[in-house]
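Remarks on the structure that follows.
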Amino acid sequence: MKRILTLAAAIACLPPIPLASREVVEIYADADPREFGRAPRREGILAFPFSEFSAVKTLAVPDPDGFLTAVLIDPRIVRSLETFLTGYRERRLAEAWLWLSPAAGRKIFHYYDDAAGLRFSFSAEEPGPEILAVVNRFYAGDRKTGDLVRRAYRENFVLRIHSAENLIEPWKDSLSFPEAMVVAGLIGNTDQPLWGIRDGKGLLRDLPEKIETKTALSLYHYRPIEKNEAAYLAFVRRVRSMEGSFPRNLHHLIAKGFRVDPDGAALLPEETVSRKTARGADLVLLAYDVLVRMGYQARVVSLGGDPDPPSLITLFREGERGDWGALTERDFFPDLAADWTRAPDLAAGKSISWRELDPDVTFRSRKPSWTGRASRP
């Protein structure tokens with residue numbers, strides 16, 4: 001049943017839900033598609049807790065061109081996403097996967113938060129004459145306010161929704177315009193100046209800063225690539241072009257595409273890429289080198305003593321939170337532990353001794369160099 005509630009009733013009727021899910025997305029119940037979502041009366045509100053998004057399906061809008069709305073979004077968000085996603089099939093940022101798919105001359109951004117079960121897609125554009133006509137008609141008798149609203153529309157983009165979740169009528173396999181407005185309200189600016197467009201939640205407002213931080217963490221030049229740069233970068237691009245987990249795909253290409261030579265000489269990662277043959281330790285160090293350049297946190301430890309070459313494992317995670325994974329030249333272990341010092345034992349399946357390697361010094365000296373961190377079973 002469609003819920004049309006006043007604001008007070010909407011909040012009062014919300015059931016107790018976890019703190020992380022108490023945020024509510026609200027739109028006006030009489031959002032008019034002929035006015036690109038502007039509600040002529042603002043008499044009722046549809047309110048949806050974040051927790052409800054995981055219980056419904058994501059559907060494409062029936063119009064192949066998407067539902068155009070008058071909901072504003074900051075252009076910096078759009079430009080940051082373009083920069084972040086161009087050349088990638090998909091990328092993870094904080095809690096969500098993001099990807100870009102051009103269609104019919106538009107750049108459509110896809111957002112998927114797997115933990116929250118939230119998935120939608122949108123594009124953004126400068127307001128066209130049809131939306132500006134809505135603004136002009138409404139403020140025809142109030143030039144001063146109209147000028148302020150028109151300025152806001154000149155300085156922002158408007159949202160076009162291409163897929164959304166069927167929150168209002170979940171029993172149907174088609175998406176309505178109000179359901180598209182829910183997504184527009186979720187990601188639109190927190191200040192919507194046009195009378196009849198409810199303020200958005202600004203879900204993506206921190207994206208430019210997050211993208212800048214992630215780019216800064218991606219230490220592309222933390223160590224100069226001494227030789228074979230073109231081959232090395234081509235290898236990284238190949239991993240990036242694959243769907244799914246970047247670390248898993250990286251491990252797969254190394255495990256399947258490189259031969260282990262236990263008697264080989266110590267190699268730099270860029271030498272390993274060109275030769276396709278290396279010691280197992282150098283294959284693990286290649287994975288470390290690529291992950292660091294791609295912005296992952298990474299560490300390398302030697303397992304069970306100090307053989308020559310050492311038996312190495314690379315530990316990794318994306319960002320500052322989440323679990324550490326691990327990989328060797330043969331095995332891949334996702335999401336082992338929040339504390340990296342527990343990951344070696346969990347990867348080995350038993351309590352073992354290990355020492356942390358200093359990869360940077362190891363690369364320079366071409367022999368193992370250790371930090372002070374160690375563990376004993």
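The values are calculated or read from the model by the stated rules, or taken from the named source; none is laboratory data. What you are looking at is a predicted structure, and each value in this text was computed from that prediction instead of being measured. Heads up, the Cβs are rebuilt from the backbone with ideal geometry, glycines too, and the neighbour counts pull from every protein chain shown.
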Are any residues in the stretch 65-74 buried (at least 17 other Cβ atoms within 10 Å of the Cβ) and either of a type outside the set (S, T, N, Q) or out of contact with any Leu (no Cβ under 8 Å at 6 or more places or on another chain) (or both), and if so, which ones?
Gly66, Phe67, Leu68, Ala70, Val71, Leu72, Ile73, Asp74
Please state which one of Ser101, Ser80 is closer than 25 Å to Tyr153 by Cβ, of a type in the set (Gly, Ala, Ser) and either part of a strand (DSSP E or B) or within 14 Å of the chain's Cα centre (by Cα) (or both).
Ser80
Filtered residues of the stretch 52-91 (kept if at pLDDT below 85 and either hydrophobic (A, V, I, L, M, F, W, C) or touching a Phe, Trp or Tyr at 6+ places or on another chain (Cβ under 8 Å) (or both))
Phe53, Ala55, Val56, Tyr88, Arg89, Glu90, Arg91
Listed residues Ile197, Ile161, Ile131; which is closer than 27 Å to Ala60 by Cβ, part of a helix (DSSP H, G or I), at pLDDT 95 or above and of a type outside the set (D, E, K, R)?
Ile131
Restricted to the stretch 335-354 and to residues being in contact with a Leu (Cβ under 9 Å, 6 or more places away or on another chain) and part of a strand (DSSP E or B), the residue surrounded by the most Cβ atoms within 10 Å (Cβ to Cβ) is Trp354
Would you mind finding the one in Phe109, Phe138 that is on the phi < 0 side of the Ramachandran plot, aromatic (Phe, Trp, Tyr), outside the structural domain of Tyr296 (by TED's automatic domain parsing) and in contact with a helix residue (DSSP H, G or I) (Cβ under 6 Å, 6 or more places away or on another chain)?
Phe109
Filter result (touching a Leu at 6+ places or on another chain (Cβ under 7 Å) and surrounded by 17 or more Cβ atoms within 10 Å (Cβ to Cβ)) within the stretch 222-249:
Val239, Pro247
Looking at the stretch 129-139, is at least one residue surrounded by 13 or more Cβ atoms within 10 Å (Cβ to Cβ), within 23 Å of Leu194 (Cα to Cα), of a type in the set (S, T, N, Q) and in contact with a strand residue (DSSP E or B) (Cβ under 6 Å, 6 or more places away or on another chain)?
no
Within the stretch 76-103, can you find the residues that are touching a residue at least 60 places away in the same chain (Cβ under 8 Å), touching a helix residue (DSSP H, G or I) at 6+ places or on another chain (Cβ under 8 Å) and within 19 Å of Leu186 (Cβ to Cβ)?
Arg76, Ile77, Ser80, Leu81, Leu93, Ala94
If you take the residues in the stretch 260-283 that are of a type in the set (Val, Ile, Thr) and either crowded, with 24+ Cβ neighbours inside 10 Å or in contact with a Phe, Trp or Tyr (Cβ under 8 Å, 6 or more places away or on another chain) (or both), which one is farthest from Asn228 (Cα to Cα)?
Thr277
Filter the stretch 44-64 for residues that are closer than 26 Å to Pro127 by Cα and free of Cβ contacts under 8 Å to residues at least 60 places away in the same chain; which is surrounded by the most Cβ atoms within 10 Å (Cβ to Cβ)?
Asp63
Cβ pairs under 7 Å, 6+ apart or interchain, first in the stretch 164-177 and of a type in the set (Ser, Thr, Tyr), second in a loop (DSSP other than H, G, I, E, B), ordered by first then second residue, are Ser174/Pro62; Ser176/Ile168; Ser176/Glu169
Hey, among the residues in the stretch 19-43 that are free of Cβ contacts under 8 Å to residues at least 24 places away in the same chain and part of a helix (DSSP H, G or I), which one's farthest from Glu212 (Cα to Cα)?
Arg34
Taking the stretch 22-39 only, how many residues are under 28 Å from the mean Cα position of the chain (by Cα) and within 14 Å of Ala164 (Cβ to Cβ)?
3
Have a look at Leu286, Leu303 and point out the one that is of a type outside the set (D, E, K, R) and under 30 Å from Leu93 (Cβ atoms).
Leu286
So Ala152 ticks every box in (1) of a type outside the set (Ser, Thr, Tyr); (2) outside any helix (DSSP H, G or I); (3) touching a residue at least 60 places away in the same chain (Cβ under 8 Å) but one. Which box is left unticked?
(2)
